[in-house]
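The structure appears right after this line, and notes come after that.
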Amino acid sequence: MKQQITLKEYDFLTVKESNQGECISTKNFEAIENFVLTNEQAIPYLKVTTKKGYGKVLQAQNYVGVLQTKDGTTIEILPKIREVDTNTSKEILIKMLKTLKKSPFKHFNMAHLKSTNMPLLEIFITMFLDELSELIKKGIKSDYITKEENLAYLKGKLQIKEQIVKNYIHKERFYVAYDEYVSDRVENRLIKTTLNYLYKQSKLNSNKKRIREYLFVFDEVGVSHSIKSDFSRIKLGRQMKEYKQILVWVKIFLLEHSYSLYKGNDLAFALLFDMNVLFESYVGHHLKKRGHDVSLQDKQHHLAFSKQKGIYALRPDIVIDKGSVIADTKWKLLSQEKNRQGIGGSDLYQMYAYGKKYTNCKELYLIYPKDKEIYCETYDYYAEVENTLPLKILFFDLENPNDFKSLVNFWASSK
């Protein structure tokens, strides 16, 4: 039986019914478990663990997105934001995705989320269809392809060798090669193959209707019988620049080209994102909107050198105004009940290293998501880097990223 399951970060899946975890079939549990165990050394998408009263469970980590098992059961994992409902959490996730550099999410119309409570997979399908709609408006591209046929009339160039072999008896026929200008080119075949695939995956009537309409546009186009081979034959020159974004989506759906790569064939589909990366991108995006000179994942300094070669690269999340302000984003909920509100000592040591290497640095910041359970005041620390260098803990409002009231000191000091 196909299910639609929604989890938040650190929620868990079980094969036993419970009030805490979501229950799935043993077959699907084992498929996801195999997926997890195959990828755990590279990326801990989920965690296989045990919980008292439930036995073995699959616990979501800080990766969000969507998984689909081969029987069509869909599991969406959303950001854990306290006192925020599922729809708002999903909306925040999409806004974060839209800030990712070189992503296909940028043009998504957020109005789609207002009109219907779409599952996450249907949102991604809608994004693909929106991108394809723009391509179709501009016109799908055709190309000259060489065809070889045995015809009753002469067309193109006679193929002497094949003519002798195939028409030794039938002198009235001509084995020829000729160029024909058709839309049945490799890029269009991959798009049509994606449409066929998504028609089977989608459960939303509006998406299925659009897919049928677009398949009509590609009626004269064949399907891809060797997807990886066809991708190697793509030609994205100046004449094909309109295809660039749509082919990113095609890779995501047909080659399972996720932003967090995974291996294995236990699942039908998986598209997962590291919340640490999304939070960094989201904060950086809104800093840039304020007019700051912002560099993400700056690579100009190393912690040490060996034989005049830098080792242990320092990569602060956010460098502002050429290093005068350095910030690291931390996707973590702080708590008044924890020692030092849960701020890790290792994070402070890391910021100390940044302040030491970026000699023109005047202020350091750790930025956490704003949480209604903790007072969003600025916590002050001081790292002794030659002179007293202030380190402040700040909170970013995910629901209202343009409301900078809790970051007044930050913006003022970084101008």
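The values are calculated or read from the model by the stated rules, or taken from the named source; none is laboratory data. All values reported here derive from a predicted model rather than from experimental measurement. Backbone-built Cβ (ideal geometry, glycine too); neighbour counts: all protein chains shown.
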Scanning segment 268-291 for residues that are of a type in the set (A, V, I, L, M, F, W, C) and closer than 11 Å to residue 396 by Cβ gives 279, 283, 287
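Could we say that residue 13 is at pLDDT 75 or above, part of a strand (DSSP E or B) and touching a Gly at 6+ places or on another chain (Cβ under 7 Å) here?
Values: at pLDDT 75 or above: yes; part of a strand (DSSP E or B): yes; touching a Gly at 6+ places or on another chain (Cβ under 7 Å): yes.
The answer is yes for residue 13.
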Sole miss for residue 145 among (1) out of contact with any Phe, Trp or Tyr (no Cβ under 6 Å at 6 or more places or on another chain); (2) in contact (Cβ under 8 Å) with a residue 60 or more places away in the chain is condition (2)
Of the conditions (1) among the acidic types (Asp, Glu); (2) at pLDDT 80 or above; (3) within 19 Å of residue 275 (Cα to Cα), the single one that residue 363 does not satisfy is (3)
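Considering 189, 185, which residue is surrounded by 15 or more Cβ atoms within 10 Å (Cβ to Cβ), touching a strand residue (DSSP E or B) at 6+ places or on another chain (Cβ under 7 Å) and of a type in the set (Lys, Arg)?
Details: 189 fails: touching a strand residue (DSSP E or B) at 6+ places or on another chain (Cβ under 7 Å).
Exactly one of 189, 185 is surrounded by 15 or more Cβ atoms within 10 Å (Cβ to Cβ), touching a strand residue (DSSP E or B) at 6+ places or on another chain (Cβ under 7 Å) and of a type in the set (Lys, Arg), namely 185.
Mind checking which residues of segment 198-241 are among the aromatic types (Phe, Trp, Tyr) and crowded, with 17+ Cβ neighbours inside 10 Å?
The answer is 214, 218, 231.
It is to be established whether one or more residues within segment 136-144 are closer than 26 Å to residue 3 by Cα, small (Gly, Ala, Ser) and surrounded by fewer than 20 Cβ atoms within 10 Å (Cβ to Cβ). Break it down stepwise before answering.
In the first step, residues of segment 136-144 are kept if they are closer than 26 Å to residue 3 by Cα; the result is none.
So far as segment 136-144 goes, no, none of its residues is closer than 26 Å to residue 3 by Cα, small (Gly, Ala, Ser) and surrounded by fewer than 20 Cβ atoms within 10 Å (Cβ to Cβ).
Residues 86, 74: which one is polar (S, T, N, Q), surrounded by 20 or more Cβ atoms within 10 Å (Cβ to Cβ) and closer than 22 Å to residue 269 by Cβ?
Details: 86 fails: surrounded by 20 or more Cβ atoms within 10 Å (Cβ to Cβ).
Exactly one of 86, 74 is polar (S, T, N, Q), surrounded by 20 or more Cβ atoms within 10 Å (Cβ to Cβ) and closer than 22 Å to residue 269 by Cβ, namely 74.
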The number of residues in segment 32-63 that are closer than 18 Å to residue 276 by Cβ, in contact with a Lys or Arg (Cβ under 9 Å, 6 or more places away or on another chain) and surrounded by 14 or more Cβ atoms within 10 Å (Cβ to Cβ) is 5
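Do any strands (runs of 3 or more DSSP E) entirely within segment 242-356 hold 1 or more residues that are in contact with a Lys or Arg (Cβ under 9 Å, 6 or more places away or on another chain) and either surrounded by 14 or more Cβ atoms within 10 Å (Cβ to Cβ) or at pLDDT below 75 (or both), and if so, which?
Numbers: elements: 269-274, 294-296, 301-306, 309-314, 318-320, 325-329.
Where strands (runs of 3 or more DSSP E) fall fully within segment 242-356 and carry at least 1 residues being in contact with a Lys or Arg (Cβ under 9 Å, 6 or more places away or on another chain) and either surrounded by 14 or more Cβ atoms within 10 Å (Cβ to Cβ) or at pLDDT below 75 (or both), they are 294-296, 301-306, 309-314, 325-329.
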